Amino acid sequence: EKGGFDHFMLKEIYEQPNAIKDTFRGRLRADEGIVKLSSVEENLQKFLNADRILIVACGTSWHAGLVAEYILEEFTRIPVEVEYASEFRYRNPIIRKNDIIIAISQSGETADTLAAIKLAKEQGAFVYGVCNVVGSSISRETHTGSYTHAGPEIGVASTKAFTTQITVLTLMALRIGQAKGTLSRADFHRYLQELDHVPQKVEQALEHNLEIQAIASKYKDAPNCLYLGRGYNYPVALEGALKLKEISYIHAEGYPAAEMKHGPIALIDEHMPVVIIAPKQEHYDKIVSNIQEIKARNGKIIAVVTAGDVQVKKLADYVIEIPETSDALSPLITTIPLQLLAYHIAVMRGCNVDQPRNLAKSVTVE
Ligand code: F6R
């Protein structure tokens, strides 16, 4: 049942090229310049008239929501807010006529997300769901939505659900951006082609598994770990830290790289590993100077870099290469090495990777 893998989590990490492909199958036709989600087509006017999109979710799904915030705002120019479902539901949130609520949930059963949807519906909002489990409570409770086609996710730590959620939300952003004209024709076509090639790039990222395992062996006994990223990769830093803490029980925190100097830098010494997502992207020079600041304090750097990188390689203790992608689509690739790193560290520490202590696959309690 684990298909030759030691754990469901590893199997599911390796399923991502196909899970992403299955999620855009029939929805993305790059060569014809077509992106289509039936639930978006049926409600296109609502999306075109939206004053705001409010995303509600928990945990990893909330991180996918943060990535979607960056993508949706860039492609559609619709203001987006992302909120923990548990906070949203208990604080009398402001919901206006032309707001759209998007609920993201792998299981479709998360109690707080379900309650947030019910609250939004009571206030007359249009609610769109992004779920993996077909027929789940959230998929039934929302007005419409799109399924991720990740297949069953058994490992408690979410992996392929995350990348397929981002895939659906990217398809949505591309279609709305095209319809609104906020995305240029050239960019639209370029992103379609790129998204079509993402599964192949995920495959290439997975090829670094053994190197990542070797890096894991160096840091498996660390008591703490810091994850840093900028822009589209800031939520990936949060997700990388969550993966590590939930399965290896190492304390980890994710931060936007530039926030380091506002506090976390005090933690840096020769014992602190810092995982830094540093692909060739906008503000690369800023990430390089963050790395210099960490090295000046003897911190240990594990950097995720674009293949062929020179500058970060000179500074980092270890690098993990990923293929080149545009900034907006990079989270789908940069996430992969962080999942593998957390996985190997947890295995080396003898942790129960698929069923970490105190965690359940769907959180149906409030
Ligand atoms: C993390 C994890 C949890 C879930 C969260 C939301 O690996 O699995 O943080 O992401 O409980 O669950 P869903 O997406 O089912 O609503």
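Database remark: amide H of V304 closer than 5 angstrom to the amide H of I276, I277, A278, I320 (H placed geometrically; neighbours at sequence offset of 5 or more, or on other chains; Pro and chain starts carry no H).
Accessible surface area normalised per residue over the range 249-366 is 43 Å², counting heavy atoms of protein chains with a 1.4 Å rolling probe. Proximity of backbone amide H atoms, modeled 1.01 Å from N, is registered between V82 and I55 at under 5 Å, excluding neighbours fewer than 5 places apart on the same chain.
Share of carbon and sulfur in the accessible area of the range 172-288 stands at 50%, probe radius 1.4 Å. Extending 7 Å from the Cα toward the beta-carbon at both L315 and K295 defines two label points whose distance is 0.7 nm.
Accessible surface area normalised per residue over the range 167-218 is 43 Å², counting heavy atoms of protein chains with a 1.4 Å rolling probe. In plain terms, the chain from Q200 to E324 could stretch by 43.5 nm, reckoned as 0.36 nm per residue minus the Cα-Cα distance.
Under 5 Å between amide hydrogens, built in the peptide plane, is the criterion, and for G145 it picks out G129 among residues at least 5 positions away or on other chains.
Against the main long axis of the alpha-carbon atoms of the chain, helix 160-180 sits at an angle near 50°. Heavy-atom accessible area with a 1.4 Å probe sorts R185, R52, R190, R25, largest first, into R185, R25, R190, R52.
Between K46 and R25, take the C-beta separation as r, use R0 = 35 Å, and let me know the FRET efficiency to the nearest 0.05. According to the calculation, E is roughly 0.90. Remark: the range 345-362, residue by residue, has Karplus-estimated 3J(HN,Hα) of 4, 4, 4, 5, 8, x, 7, 7, 4, 7, 9, x, 4, 6, 10, 10, 5, 10 Hz, where x stands for each Gly or Pro and the curve is 6.51 cos²θ - 1.76 cosθ + 1.60 at θ = phi - 60°. One chain, two ends: E270 and H251. Fully extended at 0.36 nm per residue, the span grows by 5.2 nm beyond their Cα-Cα distance. Counted residue by residue at 0.36 nm each, then reduced by the alpha carbon distance between them, the extension gain from S38 to Q123 reaches 28.1 nm.
Working note: Karplus 6.51/-1.76/1.60 with θ = phi - 60° gives the range 20-36 the couplings 5, 4, 4, 6, 9, 4, x, 10, 10, 10, 4, 5, 8, x, 10, 10, 8 Hz, where Gly and Pro are set to x.
Inter-label distance, R349 to I154: 2.4 nm, where each label sits 7 Å from its Cα along the C-beta direction. Surface exposure of the range 52-136, expressed per residue as accessible area with a 1.4 Å probe, stands at 36 Å².
With both labels modelled 7 Å from their Cα along Cα-to-Cβ, the K361 to E259 distance reads 3.2 nm.
Listed values for the range 51-57 are Karplus-derived 3J(HN,Hα) couplings in whole Hz (6.51 cos²θ - 1.76 cosθ + 1.60, θ = phi - 60°), namely 8, 6, 10, 10, 9, 10, 5, and x replaces Gly and Pro.
The values are calculated or read from the model by the stated rules, or taken from the named source; none is laboratory data. Keep in mind that what you see is a predicted model, and the values were worked out from it rather than measured. Counting neighbours? That spans all protein chains shown, and the Cβs are built from the backbone with ideal geometry, glycine included. The accessibility values were calculated without ligands, DNA or RNA, using every heavy atom of the protein model including side chains. Shrake-Rupley method; radii C 1.70, N 1.55, O 1.52, S 1.80 Å.
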